[in-house]
Amino acid sequence: MRGEFVEVGEGRLYYYASGTRGAGEPVVLLHGFPTSSHLWSQLTPLLPPGHRIVVLDLLGFGRSDPAGDNDMGVCAHARRVLELLDVLGIEQATIVGHDMGAAIALETALTARTRVSRLCLVNPMTAGAASGVAADTAVRLASLLGHASPSIITSSLRSRLRRGYVSPERGSHSIDQYLRPFSSSVGQRSLMSHLAAQREPLTSEQTTEPDQISVPTAIICGADDPFRSSSMAERLQRQIPGATMEVIPGARHFVPEEDPQVVARVITALVSR
């Protein structure tokens, strides 16, 4: 498995491809805040054969370029995902998103309807819902942004992220990876940009209702997710026509890492619909 960088106009995105090409459409995996492609490392070997699997680091995360002065909102991320699909020659794909990645997946499906064949929304934060790790953290740290040192904010974020894991050992290892890009001065500015984006008012582009989604959709959430309750995910299911939903008992926020078999089973069923 070999990753590479792709220019998308505003910076370089890192991605890697796995799986096997075949008759099945590609599957694109989108992480949320403040994670990276590492989120899917336990999942990708479990996905069904015959599909090209594309896993990327969104701008400002993982190995991709820092945020800089670029827009870190959901709509901007969705535009960059479409640019990446253009570069990779992918006309249509199943898109799987976790946390903020689910909001990006929804936005992509709503603004480029012919490009998305199916959606899988995992522990979803939707555009228009002040919920999820980034929004939750931004709201709680609002009084610190611009005043406290980045190290204090990073420490607070680390503490909040641990709540999203059932396994403290797995959580500590992953959180170290996720926060590493934010350790430098450039990375700290990038982190501030991400948090600030969650505090901005919604744009008109983000007000489109999920009930306009017309592709097969599956929703997965952890019953004990501290950042987004299962009742919120159930409301999203009711809004999207024909959407299925699986609530994982005892699971928290980072189910792609801690319950990859369940997520893989749902995706396998989805791509066969």
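The values are calculated or read from the model by the stated rules, or taken from the named source; none is laboratory data. As the structure is a computational prediction, the values presented were derived from the model and not from experiment. Cβ placement follows ideal geometry from the backbone for every residue including glycine, while neighbour counts extend to all protein chains displayed.
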> Of the residues 108, 203, 137, 126, which single one is at pLDDT 80 or above and among the hydroxyl-bearing types (Ser, Thr, Tyr)?
Replying inline: 108
>> The conditions are (1) farther than 20 Å from residue 218 by Cβ; (2) surrounded by 17 or more Cβ atoms within 10 Å (Cβ to Cβ); (3) in contact (Cβ under 8 Å) with a residue 60 or more places away in the chain; (4) touching an Asp or Glu at 6+ places or on another chain (Cβ under 9 Å), and residue 9 fails exactly one of them. Which is it?
In response: (2)
>> Can you pull out every residue in segment 140-182 that is modelled with pLDDT of 85 or more, among the polar types (S, T, N, Q) and not in a helix (DSSP H, G or I)?
In response: 167
>> Among the numbered criteria (1) of a type outside the set (Ser, Thr, Tyr); (2) part of a helix (DSSP H, G or I); (3) more than 16 Å from residue 197 (Cα to Cα), which one does residue 76 miss?
In response: (3)
> Just wondering, is there one or more residues in segment 237-255 that are under 24 Å from residue 66 (Cα atoms) and in a helix (DSSP H, G or I)?
Replying inline: no
> Among the residues of segment 1-33, how many are part of a loop (DSSP other than H, G, I, E, B) and touching a Leu at 6+ places or on another chain (Cβ under 7 Å)?
Replying inline: 4
>> Quick check on my filter: what residues within segment 77-111 are surrounded by fewer than 19 Cβ atoms within 10 Å (Cβ to Cβ) and of a type in the set (Gly, Ala, Ser)?
In response: 89
> With respect to the numbered conditions (1) in contact with an Asp or Glu (Cβ under 6 Å, 6 or more places away or on another chain); (2) over 30 Å from residue 155 (Cβ atoms), which one is the sole condition not fulfilled by residue 64?
Replying inline: (2)
